[in-house]
1. If the requirement is being under 28 Å from Phe133 (Cβ atoms) and of a type outside the set (Phe, Trp, Tyr), which of these qualifies: Leu51, Leu57, Leu64?
2. Within the range 39-62, count every residue that is charged (D, E, K, R) and open to solvent by less than 100 Å² (accessible area, probe 1.4 Å).
3. Output the number of residues of the range 145-159 satisfying the condition of being of a type outside the set (Gly, Ala, Ser) and open to solvent by 40 Å² or more (accessible area, probe 1.4 Å).
Amino acid sequence: MSEEISGFLDVFQQLDDPRIDRCKFYPVEELLLLTLCGVICGCDGWSDIELFGKSKLDFLRHYLPFNNGVPSDDTLRRFFRRVDPAQFQELFVKWVNTLSLGDLKNKVIAVDGKTARGSRDGDKKALHLVSAFASEAGLVLGQQATAEKSNEIKAIPALLNWLDIRGAIITIDAMGCQKSIASQIVEQEGHYVLALKGNHSELHDDVKTYFDVRTTASKDQF
């Protein structure tokens with residue numbers, strides 16, 4: 001078994017199984033491994049993951065038995081609906097931290113919010129996530145769900161709390177241009193580059209005036 005898969009399963013074996021015993025037709029580790037591989041390969045929903053599993057069953061059996069074959073999309077949906085999202089996120093971040101990302105000092109971590117396409121599930125709205133993406137490593141370090149885009153201001157601090165950002169450069173769009181967020185990044189020994197737009201009208205005008213003055217002064221020197 002590859003070191004990455006082994007590490008993933010070692011960490012996520014701590015995930016509480018929300019199912020009753022008579023409904024445990026598929027072990028938790030098989031549900032998780034199938035979903036992980038499916039998402040990595042670009043699956044866009046539970047039906048895609050089921051089809052992926054059926055087409056790649058021999059590959060999956062290199063790692064786990066899958067004695068009962070591949071779970072249906074409904075089985076996957078029911079399982080993940082009942083998983084504790086806070087515990088899942090904690091284990092996800094723990095797993096990511098076991099990966100060899102190298103030193104993040106002076107490396108960019110891009111924080112951004114996006115609505116996951118195809119994530120609407122029944123009467124539940126599409127999932128809006130704030131993600132922290134380590135640009136050079138090409139890896140999402142963590143995610144925080146938010147109900148509305150305006151709540152990114154609340155989700156970003158929660159996401160940063162999960163991460164070790166010492167020495168890293170955190171980039172955030174204008175939604176996250178907040179004094180409290182900048183202060184938190186500094187307190188966690190990181191650096192920040194925040195986009196500034198008209199939603200902070202006074203600060204935006206001050207910065208614009210500063211650059212206008214500097215530009216004029218530079219021209220006057222020649």
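1. Of the residues listed, the single one that is under 28 Å from Phe133 (Cβ atoms) and of a type outside the set (Phe, Trp, Tyr) is Leu51.
2. 4
3. 5
For every residue, the table says whether it meets (1) open to solvent by less than 80 Å² (accessible area, probe 1.4 Å); (2) touching a strand residue (DSSP E or B) at 6+ places or on another chain (Cβ under 8 Å); (3) of a type in the set (Asp, Glu); (4) under 23 Å from Leu99 (Cα atoms).
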position	(1), (2), (3), (4)
Asn161	no, no, no, yes
Glu187	no, no, yes, no
Tyr192	no, yes, no, no
Gly198	yes, no, no, no
Ser201	yes, no, no, no
Val207	yes, no, no, no
Val213	no, no, no, no
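Condition check ((1) at pLDDT 95 or above; (2) surrounded by 15 or more Cβ atoms within 10 Å (Cβ to Cβ); (3) of a type in the set (Val, Ile, Thr); (4) part of a loop (DSSP other than H, G, I, E, B)) across all residues:
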{"residue": "Phe66", "(1), (2), (3), (4)": "yes, yes, no, yes"}
{"residue": "Val70", "(1), (2), (3), (4)": "yes, yes, yes, yes"}
{"residue": "Ala86", "(1), (2), (3), (4)": "no, no, no, no"}
{"residue": "Gln89", "(1), (2), (3), (4)": "no, yes, no, no"}
{"residue": "Val93", "(1), (2), (3), (4)": "no, yes, yes, no"}
{"residue": "Thr98", "(1), (2), (3), (4)": "no, no, yes, yes"}
{"residue": "Leu104", "(1), (2), (3), (4)": "no, yes, no, yes"}
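The values are calculated or read from the model by the stated rules, or taken from the named source; none is laboratory data. As the structure is a computational prediction, the values presented were derived from the model and not from experiment. With ideal geometry, Cβ positions are generated from the backbone for all residues, glycine too; neighbour counts draw on all protein chains shown. Surface areas here come from the heavy atoms of the whole protein model, side chains and all, with no ligands, DNA or RNA. Shrake-Rupley method; radii C 1.70, N 1.55, O 1.52, S 1.80 Å.
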